[in-house]
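Worksheet: the structure to be examined is printed underneath.
The values are calculated or read from the model by the stated rules, or taken from the named source; none is laboratory data. Since the structure is predicted, the reported quantities are computational estimates derived from the model, not experimental observations. Heads up, the Cβs are rebuilt from the backbone with ideal geometry, glycines too, and the neighbour counts pull from every protein chain shown.
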Amino acid sequence: MPGPTLDPPGGLQHHLALVALTPALLAVASAAASAAVRGRGARIVAGIALVPALVLQALMLLPDGLAAQAGGPQFGGVVRIGWVASSAALLLGLWATWQWRATSRAWSWPLRLAVAMLLPVLLLPPLLLAIEPDSDGNGRRWRLAGIAVLLPFAWWWASWAMAWRWIPEGTARGPWRPACAAAALACMA
């Protein structure tokens, strides 16, 4: 009969979840760096700063990487780690890097990459609001209603929200439609 377990001090039990989110956080930092630079240099800074985020995401897929060490939900079920989620995050990151390589505002390119890398890994329904500016207005009311319904489930019953996440993602329009479909499948795998 197992005895009581103690959580390590300082929230160390959440370390793997933070490591899984690090590539997207690096992309957000590159958005801040490119926003600080003006003109053509902003695109160059954004492009250079995105490389470490993609390389770090790829390193998680090594045989002894994060995907092999920790499978399944982390951080109360909100962060999903595993081969499928990490692979989908890398593929969606590469897709977003190519899809938005020539945006008019250089800081929006890394932010879209961060959203693409977070979609299969992070179960947070409001994250889907970040794709709304790129989609047309069709079905927006239903997507917002689906996100609002899933929000309490994500905080209290993450596995249920994971299973029903395909509802708002399935109604995505525009360039995010294939990415949302891939992310929904990765979350349920």
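Things to note:
- Test: residue in the range 22-32 that is in a helix (DSSP H, G or I), surrounded by fewer than 18 Cβ atoms within 10 Å (Cβ to Cβ), more than 22 Å from the chain's Cα centre (by Cα) and modelled with pLDDT of 75 or more: no
- In a residue-by-residue description of the range 88-101, the property of being part of a loop (DSSP other than H, G, I, E, B), within 13 Å of the chain's Cα centre (by Cα), modelled with pLDDT under 85 and among the hydrophobic types (A, V, I, L, M, F, W, C) applies to no position.
- Qualifying positions in the range 91-118 - touching a helix residue (DSSP H, G or I) at 6+ places or on another chain (Cβ under 7 Å), closer than 16 Å to A35 by Cα and aliphatic (A, V, I, L, M): A106, L111, L113, A114
- Residues of the range 114-125 satisfying the condition of being touching a Leu at 6+ places or on another chain (Cβ under 7 Å) and more than 20 Å from S30 (Cα to Cα): P120, P125
- Listed by first and then second residue, the pairs with beta-carbon distance under 6 Å, at least 6 apart or on different chains, first residue in the range 119-136 and among the β-branched types (V, I, T), second in a helix (DSSP H, G or I), are V121/A20; V121/A85; V121/A89; I131/W176.
- Within the range 140-167, the residues that satisfy the criterion of being more than 23 Å from L94 (Cα to Cα) and at pLDDT below 70 are A154, W155, W156, W157, A158, S159, W160, A161, M162, A163, W164, I167.
- Selection from the range 49-63 of residues that are in a loop (DSSP other than H, G, I, E, B) and surrounded by 15 or more Cβ atoms within 10 Å (Cβ to Cβ): M60, L61
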